[in-house]
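Data block below; observations after.
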Amino acid sequence: MDTEKNNCPNCGAPIDIYSCKCQYCGTYYFNLSALNFDDGKPVFVRFTSNGFNMIALAVPHIGTVEVSSDYSTVSDVNCTMLKSILANRTCDVNVNFRCVANPESGELFRIVMPEEGGKYDARS
Ligand SMILES: [Zn+2]
């Protein structure tokens, strides 16, 4: 078992998998370590589109990964740069979910009508 996946990303304390906030440092997290972007297996996702609450089976994909660094410079009175200091680094991971037809029902997605407690198919 990989214990690193079950620790707070900020302080390293063990996390409660049923919570989304570290009980030690207060960092909010949402553990997606069970989501595998490499095996091509679909997962259920819930989202809202055009005001409809929807559930679909979707295959997760890593889109682009963009690493960037911002530097601040220190200059003298003649505007000659003396030093460049790393100010901030970011890594943006763009994720896509491609909905696929549920092999058991044929549904591409399902619209959920929570206030009525019912559901209906939206085969497309
Ligand atoms: Zn923490």
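Points to keep in mind about this one:
- Exclusive hit being modelled with pLDDT of 85 or more, within 16 Å of Asn96 (Cα to Cα) and exposed (fewer than 13 other Cβ atoms within 10 Å of the Cβ), set Gly12, Gly40: Gly40
- Qualifying residue in the stretch 60-71 (condition: modelled with pLDDT of 90 or more, away from the ligand (no atom under 16 Å from the Cβ), of a type in the set (D, E, K, R) and under 17 Å from the mean Cα position of the chain (by Cα)): yes
- Hits in the stretch 9-26 (condition: of a type in the set (Ser, Thr, Tyr) and near the ligand (Cβ under 7 Å from one of its atoms)): Tyr24
- Gly40 vs. criteria within 16 Å of the ligand (Cβ to nearest atom) and of a type in the set (Gly, Ala, Ser): no
- Lone qualifier among Asn53, Asn6 - being at pLDDT below 90, surrounded by 12 or more Cβ atoms within 10 Å (Cβ to Cβ), more than 27 Å from Ala87 (Cβ to Cβ) and away from the ligand (no atom under 11 Å from the Cβ): Asn6
- Any hit, the stretch 66-83, residues being loosely packed, with under 10 Cβ neighbours inside 10 Å, in the same structural domain as Phe37 (by TED's automatic domain parsing) and under 30 Å from Val43 (Cβ atoms): yes
- Condition met for Tyr28 (among the aromatic types (Phe, Trp, Tyr) and within 21 Å of the chain's Cα centre (by Cα)): yes
The values are calculated or read from the model by the stated rules, or taken from the named source; none is laboratory data. On a predicted model such as this, the values are computed, not experimentally measured, just so you know. With ideal geometry, Cβ positions are generated from the backbone for all residues, glycine too; neighbour counts draw on all protein chains shown.
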